[in-house]
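Colleague: Here it is, the structure, as structure tokens.
The values are calculated or read from the model by the stated rules, or taken from the named source; none is laboratory data. Model, not experiment: these values are computed from the prediction. Cβ atoms come from the backbone with ideal geometry, glycine included; neighbour counts cover every protein chain shown. Surface areas here come from the heavy atoms of the whole protein model, side chains and all, with no ligands, DNA or RNA. Shrake-Rupley method; radii C 1.70, N 1.55, O 1.52, S 1.80 Å.
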Amino acid sequence: MKPFTYERATSPKDAAAKAASAKGAKFIAGGTNLLDLMKLEIEAPEHLIDVNHLGFDAIDETADGGLRIGALVRNTDLAADKRVRRDYGVLSRALVAGASGQLRNKATTAGNLLQRTRCPYFYDVNMPCNKRKPGSGCAALGGVSRQLAVIGSSDACIATHPSDMAIAMRVLDAQVETINPKGATRTIPIAEFHRLPGDTPHIETALQPGELITAVTLPKPIGGTHIYRKVRDRASYAFALVSVAAVLQKDGTGRIAVGGVAHKPWRVEAAEAQLPRGARATTAVLLDGARPRPDNAYKLPLVERTLAAAIAEAKAS
Amino acid sequence: MNYTSLPKASRRDVLKTGAAGAAVASAGGSTALASAAPAAVPPRAKVGMTVNGKPVSVELDTRTTLLDTLREHLHLTGSKKGCDHGQCGACTVIVNGRRINSCLSLAVMHEGDQVTTIEGLGSPENLHPMQAAFVKHDGYQCGYCTPGQICSAVSVLEEIRAGIPSHVTKDITQAPPLDTTEMRERMSGNICRCGAYSNIAEAMAEVAGAKA
């Protein structure tokens, strides 16, 4: 690990200002992903700003009947919140499908959204990776791509976003609240928060330098049957090969977002219009334009079958 | 076991001596590098926390993890370093009532925290019920993962009692049942390469008063 200086942030605005002005500064909250990457020197911040004492650890009801989740609410506490379990079951399900109990106790809501890909070539510092070292190339293109993206990828990057929570946040139309170094706040729809790789896969979100996430809000509940179905190499503590977050209504309509297939949570609203016609028709629109590689072409039928299982589960409930 | 009968030179002392010997042997080779690019002194910071009920205060290189602080600075070597990346769970300790991977946490971030390690759960003379159950059910073979397994197991039972749902909870709007399916799922962050899992599950079930 490279040496770094450390400070505890005293206010959100000051933290944002310091992050924008201090050389090589980064925020740290749960640290479960950042420290892992720092040990491998994939991340090498020169200054760490510990934001753990800024509050942002409550889940409050909003005026329009939704929930405002503080950026520092731990994954365990978000999954266990009675209102989340009752009204946003897909979110609770996605959270407990991810990581281990120890990690969920430390990992935060904002940190979960900001976690980096688990592409093996991003992790291997001896390999080229445009995300780790812009302009160096993408070793995954000619490498083992079994876990990697099938849609929305580019010739510069075929990494996937690893989060389960973010897939549920996408299906729930969550919004990300931030504060910038000048103290101004803004709200970013989750659909616009994560980016596709394009030519700049090292830029992963819409956040500007120093911008700090303060909360994630959920609109009022939409009812329906909430399902998070995750397919992985082992039954627990593994990243998704494919996952489906679904909120399905009795009349066959609904919303779906898919994980494990793209650089961001993958949702296509036009595909949802096909839900009453079934998984095949829906997947045809959802994955239109997919560019799988020989190693990961299995993900296309796997999405369809996982969605079919989710639809069947909703009908049986 | 009678711990007073252990030989004076422990395996740990032998390892320490070996490491010092290696450092001396390589010193000649590293001198040129050191003089060519003198390294800046890595930043340090002070942190105070309570470990197993005792207040401690240490000054550390900011890079020091909670695990390395416990093992190398406070000499509480029960918590183990397996992968050092949060994948194996050997470093599991309980901080402010919650189990965490101490390898994925910086010590300087634990100002004022209450830390409980395996040494704080029980002693050879006065075992924690979970430690006693691991002994009774043979919940280990080599023992390396065991401190992490026990810290995790104690926390898992509390998490189920607190109503925290898991991936295998059928109805997440209800309190999860205190059964072996729940316990096994929740222990997935603790790897045991000897494969003592079924005995660990039996030990946990006994402490929980559940059927294995």
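Colleague: What number of residues in segment A:221-262 are hydrophobic (A, V, I, L, M, F, W, C) and assigned to a loop (DSSP other than H, G, I, E, B)?
Modeller: 8
Colleague: If you take the residues in segment A:97-119 that are among the small types (G, A, S) and either open to solvent by 20 Å² or more (accessible area, probe 1.4 Å) or away from every other protein chain (no Cβ under 14 Å) (or both), which one is nearest to B:Q149 (Cα to Cα)?
Modeller: Among them, the one singled out is A:A99.
Colleague: Let me ask you something else. Across segment B:153-180, what is the number of residues that are touching a helix residue (DSSP H, G or I) at 6+ places or on another chain (Cβ under 7 Å) and either closer than 16 Å to B:V207 by Cα or not polar (S, T, N, Q) (or both)?
Modeller: Residues that pass the stated criteria total 15.
Colleague: Quick check on my filter: what residues within segment B:35-81 are among the small types (G, A, S), open to solvent by 50 Å² or more (accessible area, probe 1.4 Å) and either at pLDDT below 95 or under 17 Å from the mean Cα position of the chain (by Cα) (or both)?
Modeller: The answer is B:S35, B:A36, B:A37, B:A39, B:A40, B:G53.
Colleague: Would it be correct to say that B:I100 is within 21 Å of A:L37 (Cα to Cα) and within 14 Å of chain A (Cβ to nearest Cβ)?
Modeller: For B:I100, the condition - within 21 Å of A:L37 (Cα to Cα) and within 14 Å of chain A (Cβ to nearest Cβ) - is met.
Colleague: Can you report the number of residues in segment A:272-289 which are more than 15 Å from A:T306 (Cα to Cα) and touching a helix residue (DSSP H, G or I) at 6+ places or on another chain (Cβ under 6 Å)?
Modeller: Qualifying residue count, segment A:272-289: 2.
Colleague: Enumerate the pairs (first residue in segment A:278-306 and closer than 20 Å to A:L196 by Cα and of a type in the set (S, T, N, Q); second residue anywhere and open to solvent by 50 Å² or more (accessible area, probe 1.4 Å) and part of a loop (DSSP other than H, G, I, E, B)) with beta-carbon separation below 7 Å, excluding pairs fewer than 6 apart on the same chain, so at least 6 apart or on different chains.
Modeller: A:N296/A:R146
Colleague: Out of B:I172, B:I160, which single residue is in contact with a Pro (Cβ under 6 Å, 6 or more places away or on another chain) and at the interface with chain A (Cβ under 9 Å from one of its Cβ atoms)?
Modeller: B:I172
Colleague: Now for a separate question. Given the criterion outside any loop (DSSP other than H, G, I, E, B) and more than 9 Å from every other protein chain (Cβ to nearest Cβ), identify the matching residue among B:Q131, B:Q141.
Modeller: From the options B:Q131, B:Q141, the qualifying one is B:Q131.
Colleague: Go through (1) away from every other protein chain (no Cβ under 14 Å); (2) assigned to a helix (DSSP H, G or I); (3) touching a residue at least 40 places away in the same chain (Cβ under 8 Å); (4) more than 24 Å from A:L35 (Cβ to Cβ) for B:G120 and report which single condition fails.
Modeller: (4)
Colleague: Is segment A:133-144 home to any residue that is within 14 Å of chain B (Cβ to nearest Cβ) and either open to solvent by 10 Å² or more (accessible area, probe 1.4 Å) or in contact with a helix residue (DSSP H, G or I) (Cβ under 9 Å, 6 or more places away or on another chain) (or both)?
Modeller: Taking every residue of segment A:133-144 in turn, none turns out to be within 14 Å of chain B (Cβ to nearest Cβ) and either open to solvent by 10 Å² or more (accessible area, probe 1.4 Å) or in contact with a helix residue (DSSP H, G or I) (Cβ under 9 Å, 6 or more places away or on another chain) (or both).
Colleague: Here's a follow-up. With part of a helix (DSSP H, G or I), basic (K, R) and at pLDDT 95 or above as the only criterion, which of B:R193, B:R184 stands out?
Modeller: B:R184
Colleague: Taking segment A:38-56, which residues are within 11 Å of another protein chain (Cβ to nearest Cβ), surrounded by fewer than 19 Cβ atoms within 10 Å (Cβ to Cβ) and either in a strand (DSSP E or B) or in contact (Cβ under 8 Å) with a residue 60 or more places away in the chain (or both)?
Modeller: The answer is A:L40, A:H47.
Colleague: Here is a further query. Scan segment B:147-157 and give yes if some residue there is away from chain A (no Cβ under 11 Å), within 15 Å of A:T76 (Cα to Cα) and outside any loop (DSSP other than H, G, I, E, B), otherwise no.
Modeller: Yes: segment B:147-157 contains one or more residues that are away from chain A (no Cβ under 11 Å), within 15 Å of A:T76 (Cα to Cα) and outside any loop (DSSP other than H, G, I, E, B).
Colleague: Which residues, taken from segment A:197-230, are under 19 Å from A:P265 (Cα atoms), open to solvent by 40 Å² or more (accessible area, probe 1.4 Å) and among the hydrophobic types (A, V, I, L, M, F, W, C)?
Modeller: Hit for segment A:197-230 is A:I203, nothing else.
Colleague: Test B:S155 against the stated conditions and say whether it is buried (at least 22 other Cβ atoms within 10 Å of the Cβ) and among the hydroxyl-bearing types (S, T, Y).
Modeller: yes
Colleague: Can you name every residue in segment A:77-94 that is open to solvent by 10 Å² or more (accessible area, probe 1.4 Å) and within 26 Å of B:A153 (Cα to Cα)?
Modeller: Residues satisfying the conditions are A:D77, A:A80, A:D81, A:K82, A:R85, A:R93.
Colleague: Run down A:L78, A:L91, A:L72, A:L34 and say which single residue is within 25 Å of A:P134 (Cβ to Cβ), more than 8 Å from chain B (Cβ to nearest Cβ), modelled with pLDDT of 95 or more and within 18 Å of the chain's Cα centre (by Cα).
Modeller: Selected residue: A:L34, the only one of A:L78, A:L91, A:L72, A:L34 that is within 25 Å of A:P134 (Cβ to Cβ), more than 8 Å from chain B (Cβ to nearest Cβ), modelled with pLDDT of 95 or more and within 18 Å of the chain's Cα centre (by Cα).
Colleague: While we're here: Any idea how many residues of segment A:1-18 are outside any strand (DSSP E or B) and either within 9 Å of chain B (Cβ to nearest Cβ) or open to solvent by 20 Å² or more (accessible area, probe 1.4 Å) (or both)?
Modeller: Of the residues in segment A:1-18, 11 are outside any strand (DSSP E or B) and either within 9 Å of chain B (Cβ to nearest Cβ) or open to solvent by 20 Å² or more (accessible area, probe 1.4 Å) (or both).
Colleague: Only one of (1) in contact with a helix residue (DSSP H, G or I) (Cβ under 7 Å, 6 or more places away or on another chain); (2) not basic (K, R); (3) not assigned by TED's automatic domain parsing to the domain that holds B:T65 fails for B:H110. Which number is that?
Modeller: (3)
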